[in-house]
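Colleague: Have a look at this one before I ask anything.
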Amino acid sequence: EGILNCGKHYPGYSNANVDPHHDLPTVQRTLNELLALEWIPFVGTLPLLDLVMVGHVSYPKIDASGLPATLARKMVHETLRQDWKFKGCTVTDDMDMGAIKAKYGSAESAVMALKAGNDLMLVCHAVDAVPEIAKALKAVPQEIKEESFARIETLRARLAKPTPFCMDEFKTLDEGVKELREKTLKTTAASR
């Protein structure tokens, strides 16, 4: 049908101590604990997945850098691509979330995400930052960009033809999502 699927949010948010919309969660699970728990669905379904969404969560017992998984080469390139042999695309969670934007900024985090092995970076609200992000991505080594581009092209070949893009419709939808998100976060905060 030209519809792709995506497993998310690798490497898992169970035991997360904060919401990544606000700050970077840290999970103190070991590799053996992850393989016995959170990673069972990922490993089991990986051959069926077109994409894997990488979440903004730090696993210091797996990757001593303390970086969010989205920016950590250990989590994306080494684990997903080398160890698990995932050939599909990876996509980051929204790079506008507090776990990323506050500490790394839009351009720096996009470069780090691409170098970590991600192919697509979601920028869901700060579309004004896209030119700066695009400029920063030009400095990434050509080999990394070509590997990512090849995975994206393989993915695109399987998609149905897209609906023509309209900036006005995008802005309307984006504003609606923003309002819904703010309303949801206020409701969640009030219930705590």
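The values are calculated or read from the model by the stated rules, or taken from the named source; none is laboratory data. As the structure is a computational prediction, the values presented were derived from the model and not from experiment. Backbone-built Cβ (ideal geometry, glycine too); neighbour counts: all protein chains shown. Calculation scope for accessible area: heavy atoms of the full protein, side chains included, ligands and nucleic acids excluded. Shrake-Rupley method; radii C 1.70, N 1.55, O 1.52, S 1.80 Å.
Colleague: Modelled label-to-label distance, Lys138 and Ile40, 7 Å Cα→beta-carbon offset: nm?
Modeller: Between Lys138 and Ile40, the simple spin-label model gives 4.9 nm.
Colleague: Something else now. Which order do you get for Tyr10, Tyr104 if you rank them by accessible area with a 1.4 Å probe, largest at the top?
Modeller: Tyr104, Tyr10
Colleague: Among the listed pairs Lys8/Lys178; Lys103/Lys183; Lys8/Lys87; Lys115/Lys135; Lys74/Lys135, give every one whose C-alpha distance is greater than 19 Å. It would help to have the intermediate numbers written out before the result.
Modeller: Details: Lys8/Lys178 21 Å; Lys103/Lys183 25 Å; Lys8/Lys87 16 Å; Lys115/Lys135 15 Å; Lys74/Lys135 25 Å.
In this structure, Lys8/Lys178; Lys103/Lys183; Lys74/Lys135 lie more than 19 Å apart at Cα.
Colleague: Next up: Treating only the Cβ atoms of Lys and Arg (+1) and Asp and Glu (-1) as charged, compute the dipole magnitude of the stretch 2-99 about its Cα centre; round to the nearest 20 debye.
Modeller: The dipole of the stretch 2-99 has a size of about 380 debye.
Colleague: Given Cβ point charges of +1 (Lys, Arg) and -1 (Asp, Glu) and nothing else, what value in debye, to the nearest 20, does the dipole of the chain about its Cα centre take?
Modeller: Details: 24 positive and 26 negative charges, 62 e Å.
Computed about the Cα centre, the dipole is about 300 debye.
Colleague: When only Cα pairs under 8 Å and 6 or more residues apart are kept, what is the percent relative contact order across the stretch 51-192?
Modeller: 20 percent
Colleague: On to the next question. Could you calculate the FRET efficiency of Thr187 with Ala102 from 1/(1 + (r/R0)^6), where r is the beta carbon distance between them and R0 is 22 Å, rounded to 0.05?
Modeller: My answer for the efficiency is 0.45.
Colleague: Quick one: work out Rg over Rh on the C-alpha atoms of the chain, Rh as Kirkwood radius.
Modeller: Reported Rg/Rh, Kirkwood definition of Rh: 0.96.
Colleague: Compute, for Met167, the solvent-accessible surface of its heavy atoms (probe 1.4 Å) with the complete set of protein chains present, and express it in square angstrom to the nearest 10.
Modeller: 90 Å²
Colleague: So, one more: Restricting attention to the alpha-carbon atoms of the stretch 69-128, what are Rg (one decimal) and Dmax (integer), both in Å?
Modeller: Calculated on Cα positions, Rg and Dmax stand at 11.5, 37 Å.
Colleague: Sticking with this one: What distance in nm lies between label points placed 7 Å from Cα along the C-beta direction at Glu1 and Ser14?
Modeller: The two pseudo-label positions are separated by 2.9 nm.
Colleague: If you roll a 1.4 Å probe over the stretch 62-192 with all protein chains in place, what percent of the accessible area is carbon or sulfur?
Modeller: Carbon and sulfur atoms account for 58 percent of the accessible area of the stretch 62-192.
Colleague: Just to be sure I understand the model, the point goes 7 Å from the Cα along the line to the Cβ. What's the resulting Lys145 to Met167 distance in nm?
Modeller: The answer from the label model is 2.4 nm.
Colleague: Checking a compactness column here: for the stretch 111-182, what do you get for Rg(Cα) / (2.2 N^0.38 Å), N being the number of residues?
Modeller: Details: Rg = 14.9 Å, N = 72, 2.2 N^0.38 = 11.2 Å.
Rg over 2.2 N^0.38 Å, computed on Cα atoms: 1.33.
Colleague: Kindly report the accessible area of the stretch 1-137 per residue (heavy atoms of protein chains, probe 1.4 Å, no ligands, DNA or RNA), in Å².
Modeller: 46 Å²
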